[in-house]
Amino acid sequence: MAEITRRTVLTAGGAGAAVALTAPPGHAEPAHRRPPGRGRGPRAVPEPLKVPEAIGAGGAVSCVDPYAADVGMRILRSGGNAVDAAVAMAATLGVTEPFSCGLGGGGFFVYHHARSGRTWTINGRETAPASFTSTSLTDGAGNALPFAKTVSSGLSVGVPGTPLTWQVALDRFGTRRLRWLLRPAEQLARRGFVVDAYYRRHTESNAERFRLFPETARVFLPGGKAPEVGDTMRNPDLADTYDLIGRRGVGELYRGQVARAIVDEVRDPSTAPGVSVYPGQLTAADLAAYTAPVLEPTRASHRGLDVLGMGVPSSGGIAVGQILRLMVAYEERTGRRVQDLSEADYLHWFSEASATAFADRNRYVGDVPGVPVGELLSAGYADERALLFDPERAMSRPVPFGSPDGDYTDDPGTGGRQGQPPQGQSTTHLNVVDRWGNVVSYTLTIEQTGGSGITVPGYGFLLNNELTDFDFVPLTPGVPDPNLPGPRKQPRSSMSPTIVLDEGQPVLTAGTPGGATIITSVAQILLGYLDRDLDLVDAIAAPRLSSRNAVEDADLGLATSEVGQELTARGHTLRSREWIGNASGIAVERGQLVAAAETVRGDGGAARVVRPALRRGHGRGRRHRGG
Ligand code: GLU
């Protein structure tokens, strides 16, 4: 980061030039008079190229979607900072990735401010209603409600956190007004974007669920079916909502007309004839009470680097940090180094470290007081847990949880063996580095693809089903479970937006969707880039192994490859998955920015830099940096 000029961009109140990036819409008819979705009208904004890697200077962005990446670049080029660009990109993703994120969801925003050297997080997680108790997701007899039925229901909807996250981010760290930053997304929603295979697949796979809710079918299944690749998809209702909150503020979603519409719909969802779903319990008071606090990140040490992530209610920062700690502890036990291991050895170690971290996560981490974060991230605890490790054989699953009690001489893990709770598979992630060296790592979600399936009538966005991230019943009878539902409680998350610092200077930001696999994907990318000396784009592209204690998934043919067979011979039970996650990141290598995204998964991602380099500098990966 040394070559990036640093100067302050921290202004209070988000005051900035309100320069229009695009012509103000002004012409909008009320939403209810216009058909949403496909149809004639202004030409769609053509789909920009994806491009999974970009190298250069002056600022960089990466994410899954080329429209959002281009919007981020426009904000950076026009003088906005990383926070401004991140908010504009997130709003754009709400248009092009409406099944993964949007105004009806939540997320975690990690921000590194270059001049002060400080890193902050914003907790924009969805929150349960005040009426929730530990048995709210059970039937009268103490059994868990059916998961699939809870997913598509009002009961699973938490108070959205995304709108307030954007406003808090801009108030504390931004330089532009929300209204101005929403305009590119508003215009895209109005003019329309070109449907790609990824969007069509997501719509098609949810079509049946969307038909349960006529408003969702109206907005997202124009003409009654999923749009074809190449069709123009418009969402004028969402464009109007962006216009409304641009003019009147995000308070509209917490206390205004949109808040009232959310509460009405959640408590009494409008369904297709003959369909009944669980009603929700959110009240106007729950929405009005929502806050998105600015918090310290989790801080894990890895070979002298600081790995900064999201703390409780996410388990991401803790579990990623613990996996890194365990890999180093295994080195000390075996006298071998991660960078020298064969692929099979490396993935065996990684699987054991991940399973161990998940055992502790499920036992200790949730939105409860007293989570032993410091102990879970300590070297002493990792050394104790590493006593279970066998370099030749997989530990028998599930691995027991340990005792992060400060006394690391006795008990590597006899605490009990627990299964793995179910979790969704959607969400999206974006990264921004600006010309001043400020960094944003932001993961946002509506939980499952398509969230609850409920669209707020007339406002064009889906509501989350984040409350299904709670454990419906205790994971193991008699063992305390930190992730049971409770009043105004936030369900535990796995989202892991991460920023890595070397002597206070950012060297990497990364993140991904993928439910609980987020933790293993982010840890694997960090290890690939920092320890195994892969280029970032290759660290992202590498086949993924997601060992979550009770289950072990592998993607891109890894399970049946030679390496996969070696793992099986050591006692691993690999389950083949087509893809795990859809990651992106930005590395800083001797002042050069390297933005990277997926090459294959999710049909590839989008990376951009402000000033492309004519050629790549020397010094890729951690081991070459600075040398
Ligand atoms: N709800 C999940 C979490 O917070 C994210 C969902 C996903 O990535 O699919 O961990």
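The values are calculated or read from the model by the stated rules, or taken from the named source; none is laboratory data. These numbers were taken from a predicted model, which means no experiment stands behind them. Please note: Cβ atoms are built from the backbone with ideal geometry, for glycine as well, and neighbour counts cover all protein chains shown.
Tabulated results
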{"read-out": "Residue in region 401-421 that is at pLDDT 95 or above, outside any loop (DSSP other than H, G, I, E, B) and touching a helix residue (DSSP H, G or I) at 6+ places or on another chain (Cβ under 7 Å) present", "value": "no"}
{"read-out": "Filtered residues of region 283-297 (kept if surrounded by 23 or more Cβ atoms within 10 Å (Cβ to Cβ) and within 30 Å of residue 380 (Cβ to Cβ))", "value": "297"}
{"read-out": "Residue count, region 230-266 (criterion: of a type outside the set (Asp, Glu), farther than 21 Å from residue 220 by Cβ and under 27 Å from the mean Cα position of the chain (by Cα))", "value": "8"}
{"read-out": "Positions within region 227-251 being assigned to a helix (DSSP H, G or I) and basic (Lys, Arg), in sequence order", "value": "247, 248"}
{"read-out": "Residue in region 371-380 that is over 30 Å from residue 440 (Cα atoms) and buried (at least 20 other Cβ atoms within 10 Å of the Cβ) present", "value": "no"}
{"read-out": "Qualifying residue in region 108-131 (condition: of a type outside the set (Asp, Glu), without any contact (Cβ under 8 Å) to a residue 24 or more places away in the chain and under 30 Å from residue 472 (Cα atoms))", "value": "no"}
{"read-out": "Residues being within 14 Å of residue 430 (Cβ to Cβ) and either in a loop (DSSP other than H, G, I, E, B) or hydroxyl-bearing (Ser, Thr, Tyr) (or both) - total across region 497-507", "value": "2"}
{"read-out": "Counted residues, region 360-370 - those being of a type in the set (A, V, I, L, M, F, W, C) and surrounded by 24 or more Cβ atoms within 10 Å (Cβ to Cβ)", "value": "1"}
{"read-out": "Some residue of region 80-93 being at pLDDT 95 or above, assigned to a helix (DSSP H, G or I) and within 16 Å of the ligand (Cβ to nearest atom)", "value": "yes"}
{"read-out": "Tally of residues being on the phi < 0 side of the Ramachandran plot and within 14 Å of the ligand (Cβ to nearest atom) across region 443-457", "value": "7"}
{"read-out": "Residue list for region 275-305, filter: under 26 Å from the mean Cα position of the chain (by Cα) and closer than 30 Å to residue 210 by Cβ", "value": "280, 281, 282, 286, 287, 288, 290, 292"}
{"read-out": "In region 94-112, the residues that are away from the ligand (no atom under 16 Å from the Cβ) and touching a strand residue (DSSP E or B) at 6+ places or on another chain (Cβ under 7 Å)", "value": "95, 96, 111, 112"}
{"read-out": "Filter result for residue 481 (charged (D, E, K, R), within 19 Å of residue 147 (Cβ to Cβ) and within 20 Å of the chain's Cα centre (by Cα))", "value": "no"}
{"read-out": "Residue that is surrounded by the most Cβ atoms within 10 Å (Cβ to Cβ), among those in region 549-575 that are in contact with a strand residue (DSSP E or B) (Cβ under 6 Å, 6 or more places away or on another chain) and over 16 Å from residue 393 (Cα atoms)", "value": "554"}
{"read-out": "Test: residue 300 is more than 30 Å from residue 168 (Cβ to Cβ), crowded, with 22+ Cβ neighbours inside 10 Å, away from the ligand (no atom under 16 Å from the Cβ) and of a type in the set (Gly, Ala, Ser)", "value": "no"}
{"read-out": "Hits in region 514-553 (condition: part of a loop (DSSP other than H, G, I, E, B), aliphatic (A, V, I, L, M) and either more than 16 Å from the ligand (Cβ to nearest atom) or under 18 Å from residue 599 (Cβ atoms) (or both))", "value": "534, 542, 550"}
{"read-out": "Count of region 555-585 residues which are among the hydrophobic types (A, V, I, L, M, F, W, C) and touching a Pro at 6+ places or on another chain (Cβ under 7 Å)", "value": "2"}
{"read-out": "Selected residue (criterion: modelled with the lowest pLDDT) from residues of region 426-440 that are within 16 Å of the ligand (Cβ to nearest atom) and in a loop (DSSP other than H, G, I, E, B)", "value": "426"}
{"read-out": "Evaluation of residue 510 against (1) among the aliphatic types (A, V, I, L, M); (2) away from the ligand (no atom under 16 Å from the Cβ); (3) assigned to a strand (DSSP E or B) (one fails), failing number", "value": "(2)"}
{"read-out": "Residues (among the β-branched types (Val, Ile, Thr) and under 18 Å from residue 89 (Cα atoms)) located in region 122-152", "value": "122"}
{"read-out": "Of residues in region 485-496 being within 16 Å of the ligand (Cβ to nearest atom), in a loop (DSSP other than H, G, I, E, B) and within 18 Å of residue 127 (Cα to Cα), the one farthest from the chain's Cα centre (by Cα)", "value": "485"}
{"read-out": "Number of the exception - residue 107 against (1) closer than 14 Å to residue 428 by Cβ; (2) part of a loop (DSSP other than H, G, I, E, B)", "value": "(2)"}
{"read-out": "Residue within region 458-470 that is over 27 Å from residue 432 (Cβ atoms), out of contact with any Ser or Thr (no Cβ under 9 Å at 6 or more places or on another chain) and within 16 Å of the ligand (Cβ to nearest atom) present", "value": "no"}
